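This report concerns only the one structure given below.
The numbers here are math on the coordinates, done by the rules we state, and not lab data. This is a predicted model, so every value here is computed, not measured. Cβ placement follows ideal geometry from the backbone for every residue including glycine, while neighbour counts extend to all protein chains displayed.
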Amino acid sequence: MFIAILDLHTAAADRPAALARFDGEADLVRAMPGNVAFRVYAAREDDTAIAVVHEWDDEASFARYLGSDSFARLGGSVRPLQTGTTVSRRFRADLLESVA
């Protein structure tokens with residue numbers, strides 16, 4: 001499994017627009033081959049922070065996402081709203097178990 005966690009900031013007034021743009025692409029990202037999860041979070045303690053958690057079957061699936069129209073649209077619409085640089089942490093992970 002491949003996991004990417006993004007942290008970014010916007011002005012507080014721009015965060016709803018940025019979240020809406022992520023929401024607008026979420027179903028398309030989730031439908032991509034190899035996508036396990038795509039979750040977007042608005043930080044409760046900081047009205048400028050957004051976190052995005054990606055889970056993919058493998059790095060190749062994530063790389064296809066990075067080359068997708070959806071990724072390009074998100075970058076083109078969210079980057080202008082950002083204050084600062086996105087921090088992207090990427091991990092290779094082994095799933096030990098899923099407990100329901």
Specify the angular offset, from 0 to 90 degrees and rounded to the nearest 10, of the alpha carbon long axis of helix 69-78 from the longest principal axis of the alpha carbons in the chain.
-> 30 degrees
In segment 47-94, the chymotrypsin sites (Phe, Trp or Tyr not before Pro) that fall in loop regions by DSSP, at most 10 other Cβ within 10 Å | none
Within segment 19-80, GluC sites (Glu not before Pro) in DSSP loop having at most 12 other beta-carbon neighbours inside 10 Å | Glu45
Compute the signed sum of charges (Lys and Arg +1, Asp and Glu -1) over the other residues within less than 14 Å, Cβ to Cβ, of Glu25.
-> +2
What does the helix-only formula give at 222 nm for the chain: each DSSP H stretch with n ≥ 4 adding -39500 (n - 2.57), the total divided by the residues, and the result rounded to the nearest 500 deg cm²/dmol?
-> -10500 deg cm²/dmol
Please report Ser61, Ser98, Ser88 as a ranked list, fewest other C-beta atoms within 10 angstrom at the top and most at the bottom.
-> Ser98, Ser88, Ser61
